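Enquirer: Got a structure for you, written out below as structure tokens; questions coming shortly.
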There are 2 protein chains.
Amino acid sequence: MDINPESSKARQTSRVSGRRATLKEVAAEVGVSRATVSNAYNRPDQLSEELRVRVFEAARRLGYAGPDPTARGLRKQRTGAIGALYTDRLSYAFADPAAVMFFEGVSVATEEAGLGLLLIPGGSLGQRDPEILMSAAVDGFVIFCMAEDDPLVEATLRRQMPAVLVDQPPIEGVPSIGIDDEAAARLAAEHLTSLGHRSFGVVSFDLDKDSKSGFADIDKQHAATYLPSRARLRGYESALEAAGISWADVPVYECAENVPGMAAEAAEALLALAPRPTAIIATSDQLAFGFMEAVKKAGLSIPEDISVVGFDDVPEAARANPPLTTIHQPHVEKGLRAGRMLIAQLREEEPPETQVLLPTRLVVRGSAARTDH
Amino acid sequence: MDINPESSKARQTSRVSGRRATLKEVAAEVGVSRATVSNAYNRPDQLSEELRVRVFEAARRLGYAGPDPTARGLRKQRTGAIGALYTDRLSYAFADPAAVMFFEGVSVATEEAGLGLLLIPGGSLGQRDPEILMSAAVDGFVIFCMAEDDPLVEATLRRQMPAVLVDQPPIEGVPSIGIDDEAAARLAAEHLTSLGHRSFGVVSFDLDKDSKSGFADIDKQHAATYLPSRARLRGYESALEAAGISWADVPVYECAENVPGMAAEAAEALLALAPRPTAIIATSDQLAFGFMEAVKKAGLSIPEDISVVGFDDVPEAARANPPLTTIHQPHVEKGLRAGRMLIAQLREEEPPETQVLLPTRLVVRGSAARTDH
DNA sequence: TGCCTCTTCTAAACCGTTTTACTAAATCGT
DNA sequence: ACGATTTAGTAAAACGGTTTAGAAGAGGCA
């Protein structure tokens, strides 16, 4: 319990010279079998209290910190952790409030169940690296935000472990959770058409794993391998076409990364267009923030000169200037439910709900206004 | 590579009926020894290319996804992941931008090294639970943000693995990284005294593991077991005393959690004081945000009626309204360096720097002004 | 006393790999 | 053509625990 000099010295050079002590050594010290030491830790009812105490004393003397998790995992066939597979470098995930909220939800589920949470990057340093994935000692996977043609998805599934797909097209035999991206996106577009807008621009995050920034034509949009991108663009398309606006004339600027900074480029490209769009729809709040920033820098004002609608409703949207009109989706709950769906599988409980769609809604704030045009 | 019906069917019921295939079964299928199959995966130069292909074919036929990470970990005595131990529930970490940035830095380091990142909550559901910690299969620990009397720190160290302490008092034999909290805090207080303020209030996050919100007297401040809290308060104290202000008269309100919402309580308590403080120092930006929010709700304005200085300089500080004057510290770099210090130990490289202090600086923005008082 | 049930502990199999030391066959240099 | 090296593959010992089946002894009951 205490941090006393003795114990911290023991840490540096364990009594058994250098190497970490093992259960076998503790058994030898006490003069009992390995099974008994194991029982002392795992099934106190299997030995006398007095012997149990002697075991723990010997353990402390030897600097033995308890059964090795790896060995235990091997024997018990469960590691006590689940893996969360993210499409890209983790630093991108941490920089995206929506992803962070999702992980927050997952972490609530893992803590409920007493499990650890292993974060697994899908790619780093540009190349996709199955190394970390394939050497991840976990009991199951939450597959988050992966492109549908990403070989890592198939590789993960091949490990034949419980898994949950998040924001991805369903795969037979694997439960999924997400939102109706297309319907949600329609809400955003319809809000703007109902305010009288006829001239649009769209800012999207990446459509495919290795995208470059730039305008994306309809073919590219329809072939996008990130489900959220593809479905949201489809949603905008159908709402605008329904309002009699030709989607072919709507410029869609794809940003290679979902960070505010990237939207500055998009703004430059879209604001230069003639006629200048009166309304911009972004597939994420992050991009909307960046876009608004750039608009202000250009000396225009929101929503007077140009209306902006985002997607995600991260907390900062409410505090933005002006407050961002956007589509709400329950990120934390998505993570929580995904985590629980996975954990239910681990317990081999009744087959969990297999396809969950969470509700979304339009949140009207101050970044979109009626156009005078 | 492809997601075709065959492979997804294979996933559900592997050819070897139910159970996951093992390396031994693959060996039997090909008619070679286990060593050879192992070599096919790990040391291609040890067998003929043709045999290697046959091994992989058999593996695919049997639905074998490659060597089991746990077994491999046991044999090789390394798991390919490091653990990040956080003081509390992970959801608190994810809700705190400073912690998220720290993890972002750590993740960069782990990806550089091809390691996974296991997040370990120190406590959940109120009780401190060593279960997840003790069953974490990792090669080392980043110990982040723990109270110095937390038994989990000692428990971690007892595992005799490489570790790095972050924002905690040094322990012999364990490298640490952090900032000079006391000096940094002095900067904040001195900025306000230099603007003429004489009447102060302080908003702090928790001083100890299981704190309740409320005013904290000097004894409690000095006995705080979270180093950052204790040291920052000391910094404020020494700067104000140096300016001739009696610290005993400065109200310090402790918030039980480091979230903006909690600062509303603090604001209520501090604004009701007579005379009302003209300057508030917060030990985190999160609290400063919440405080500013509450001040505005109370019909006062910042910095005209009251000046606020934060701590951390999270990105949102620059976008706040008004932009927050605060103390900058390099969160991402802290995580990156901590991760690298740990990884260097794993590699048994030259003993890494053992005590790192990162630089801090005052960032003057718009939330603190000269007082007319 | 004899039989049965607890309690307390143990022997040994097993979890799925990697790695060391070794063998047998093929190739090389001269 | 012959010993020396290289190549290709193997047997078996770890790695550090958990768990099953069972033994030895103690106590209870008739």
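The values are calculated or read from the model by the stated rules, or taken from the named source; none is laboratory data. Bear in mind that the values here come from a model prediction, so they are computed numbers and not experimental data. Quick reminder, even Gly has a Cβ in these numbers, built from the backbone with ideal geometry, and neighbours come from all protein chains shown.
Enquirer: Please state which one of A:Ala99, A:Ala113, A:Ala93, A:Ala84 is assigned by TED's automatic domain parsing to the domain that holds A:Gln160, modelled with pLDDT under 95 and out of contact with any Gly (no Cβ under 7 Å at 6 or more places or on another chain).
Expert: Going through A:Ala99, A:Ala113, A:Ala93, A:Ala84 in turn, just one is assigned by TED's automatic domain parsing to the domain that holds A:Gln160, modelled with pLDDT under 95 and out of contact with any Gly (no Cβ under 7 Å at 6 or more places or on another chain): A:Ala113.
Enquirer: Does segment B:58-72 contain any residue that is of a type in the set (Lys, Arg), buried (at least 21 other Cβ atoms within 10 Å of the Cβ) and within 9 Å of another protein chain (Cβ to nearest Cβ)?
Expert: yes
Enquirer: For B:Met292, which of the numbered conditions (1) modelled with pLDDT of 95 or more; (2) not in a helix (DSSP H, G or I) fails to hold?
Expert: B:Met292 satisfies all of (1) modelled with pLDDT of 95 or more; (2) not in a helix (DSSP H, G or I) except (2).
Listed here are the residues, each with its yes/no results for (1) modelled with pLDDT of 95 or more; (2) closer than 30 Å to A:Gln160 by Cβ; (3) touching a strand residue (DSSP E or B) at 6+ places or on another chain (Cβ under 9 Å).
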position	(1), (2), (3)
A:Ile306	yes, no, yes
A:Asn321	no, no, no
A:Leu324	yes, no, yes
A:Lys334	yes, yes, yes
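Enquirer: Mind checking which residues of segment A:41-57 are in a helix (DSSP H, G or I) and either within 14 Å of chain B (Cβ to nearest Cβ) or over 25 Å from B:Ile132 (Cβ atoms) (or both)? If you could, list the steps in order and put the result at the bottom.
Expert: As a first pass, look at segment A:41-57 and keep what is in a helix (DSSP H, G or I): A:41-42, A:44-46, A:49-57.
The answer is A:Tyr41, A:Asn42, A:Glu49, A:Glu50, A:Leu51, A:Val53, A:Arg54, A:Phe56, A:Glu57.
Enquirer: Here's something else I'd like to know. Pick from segment B:73-92 the residues that are under 19 Å from A:Leu85 (Cα atoms) and more than 7 Å from chain A (Cβ to nearest Cβ): which of them is surrounded by the most Cβ atoms within 10 Å (Cβ to Cβ)? Break it down stepwise before answering.
Expert: Quick first cut of segment B:73-92, residues under 19 Å from A:Leu85 (Cα atoms) only: B:79-84, B:90-91.
Checking the rest, the ones that are also more than 7 Å from chain A (Cβ to nearest Cβ) come to B:82-84.
Values: B:Ile82: 27, B:Gly83: 29, B:Ala84: 31.
If we take residues in segment B:73-92 being under 19 Å from A:Leu85 (Cα atoms) and more than 7 Å from chain A (Cβ to nearest Cβ), then B:Ala84 is surrounded by the most Cβ atoms within 10 Å (Cβ to Cβ).
Enquirer: I'd like to check something: does segment A:329-337 contain any residue that is in a loop (DSSP other than H, G, I, E, B) and among the small types (Gly, Ala, Ser)?
Expert: So the first thing to find is which residues in segment A:329-337 are in a loop (DSSP other than H, G, I, E, B), and the list is A:329-330.
Narrowing the set further to residues that are among the small types (Gly, Ala, Ser) leaves none.
No: segment A:329-337 contains no residue that is in a loop (DSSP other than H, G, I, E, B) and among the small types (Gly, Ala, Ser).
Enquirer: As an exercise: evaluate A:Asp313 against (1) acidic (Asp, Glu); (2) outside the structural domain of A:Ala274 (by TED's automatic domain parsing); (3) surrounded by 15 or more Cβ atoms within 10 Å (Cβ to Cβ) and give the number of the one condition it does not meet.
Expert: In the conditions (1) acidic (Asp, Glu); (2) outside the structural domain of A:Ala274 (by TED's automatic domain parsing); (3) surrounded by 15 or more Cβ atoms within 10 Å (Cβ to Cβ), A:Asp313 misses (2) alone.
Enquirer: Spot the failing condition for B:Tyr253; the list is (1) of a type outside the set (Lys, Arg); (2) without any contact (Cβ under 8 Å) to a residue 12 or more places away in the chain; (3) in a strand (DSSP E or B), and only one is missed.
Expert: (2)
Enquirer: Any idea which of (1) part of a helix (DSSP H, G or I); (2) free of Cβ contacts under 8 Å to residues at least 60 places away in the same chain is the one A:Met101 doesn't satisfy?
Expert: Unmet condition: (2).
Enquirer: Looking at (1) within 7 Å of chain B (Cβ to nearest Cβ); (2) over 22 Å from A:Ala344 (Cβ atoms); (3) of a type outside the set (D, E, K, R), which one does A:Ala98 not meet, given that it meets all the others?
Expert: (1)
Enquirer: Considering only segment A:61-68, I want to know if a residue exists there that is in a helix (DSSP H, G or I) and either outside the structural domain of A:Gly335 (by TED's automatic domain parsing) or on the phi > 0 side of the Ramachandran plot (or both).
Expert: Looking through segment A:61-68, at least one residue is in a helix (DSSP H, G or I) and either outside the structural domain of A:Gly335 (by TED's automatic domain parsing) or on the phi > 0 side of the Ramachandran plot (or both).
Quick grid of which residues meet (1) under 23 Å from A:Arg72 (Cβ atoms); (2) surrounded by fewer than 22 Cβ atoms within 10 Å (Cβ to Cβ):
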residue	(1), (2)
B:Ala99	no, no
B:Phe102	no, no
B:Asp129	yes, yes
B:Ala137	yes, no
B:Phe144	no, no
B:Ala155	yes, yes
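Enquirer: Another one. B:Pro170 fails exactly one of the following numbered conditions: (1) outside the structural domain of B:Gly310 (by TED's automatic domain parsing); (2) buried (at least 19 other Cβ atoms within 10 Å of the Cβ). What is the number of that condition?
Expert: Looking at each condition in turn, B:Pro170 falls short on (2).
Enquirer: If you scan segment A:122-177, which residues turn out to be among the hydroxyl-bearing types (Ser, Thr, Tyr), closer than 17 Å to B:Thr70 by Cβ and touching a Ser or Thr at 6+ places or on another chain (Cβ under 9 Å)?
Expert: A:Ser135
Enquirer: Something else about it: Select from segment A:353-372 the residues that are farther than 19 Å from A:His331 by Cβ and either exposed (fewer than 13 other Cβ atoms within 10 Å of the Cβ) or β-branched (Val, Ile, Thr) (or both) and list them in ascending order.
Expert: Taking segment A:353-372 first, the residues farther than 19 Å from A:His331 by Cβ are A:354, A:364, A:366-372.
Hits for segment A:353-372 are A:Thr354, A:Val364, A:Arg370, A:Thr371, A:Asp372.
Enquirer: What are the residues in segment B:295-317 that are in contact (Cβ under 8 Å) with a residue 60 or more places away in the chain and not in a loop (DSSP other than H, G, I, E, B), if any?
Expert: Within segment B:295-317, B:Ser307, B:Val308, B:Val309, B:Asp312, B:Pro315, B:Glu316 meet the criteria.
Enquirer: Another question about this same structure. Within segment B:342-352, how many residues turn out to be out of contact with any Lys or Arg (no Cβ under 8 Å at 6 or more places or on another chain) and surrounded by 13 or more Cβ atoms within 10 Å (Cβ to Cβ)?
Expert: Matching residues across segment B:342-352 total 4.
Enquirer: Across segment A:191-221, what is the number of residues that are in a loop (DSSP other than H, G, I, E, B) and at positive phi? Even if it seems obvious, please write down each step before you answer.
Expert: Taking segment A:191-221 and keeping what is in a loop (DSSP other than H, G, I, E, B), we get A:195-199, A:205-213, A:216-217.
Narrowing the set further to residues that are at positive phi leaves A:196.
Number of matching residues: 1.
Enquirer: Does B:Val37 count as free of Cβ contacts under 8 Å to residues at least 60 places away in the same chain, crowded, with 17+ Cβ neighbours inside 10 Å, within 11 Å of DNA strand D (Cβ to nearest atom) and in a helix (DSSP H, G or I)?
Expert: It is true that B:Val37 is free of Cβ contacts under 8 Å to residues at least 60 places away in the same chain, crowded, with 17+ Cβ neighbours inside 10 Å, within 11 Å of DNA strand D (Cβ to nearest atom) and in a helix (DSSP H, G or I).
Enquirer: Specify which of the listed residues (B:Leu240, B:Leu227, B:Leu195, B:Leu187) is over 18 Å from B:Thr325 (Cβ atoms) and in contact (Cβ under 8 Å) with a residue 40 or more places away in the chain.
Expert: From the options B:Leu240, B:Leu227, B:Leu195, B:Leu187, the qualifying one is B:Leu227.
Enquirer: Out of all the residues in segment B:244-278, which are β-branched (Val, Ile, Thr) and in contact with a strand residue (DSSP E or B) (Cβ under 6 Å, 6 or more places away or on another chain)?
Expert: Within segment B:244-278, B:Val250, B:Val252 meet the criteria.
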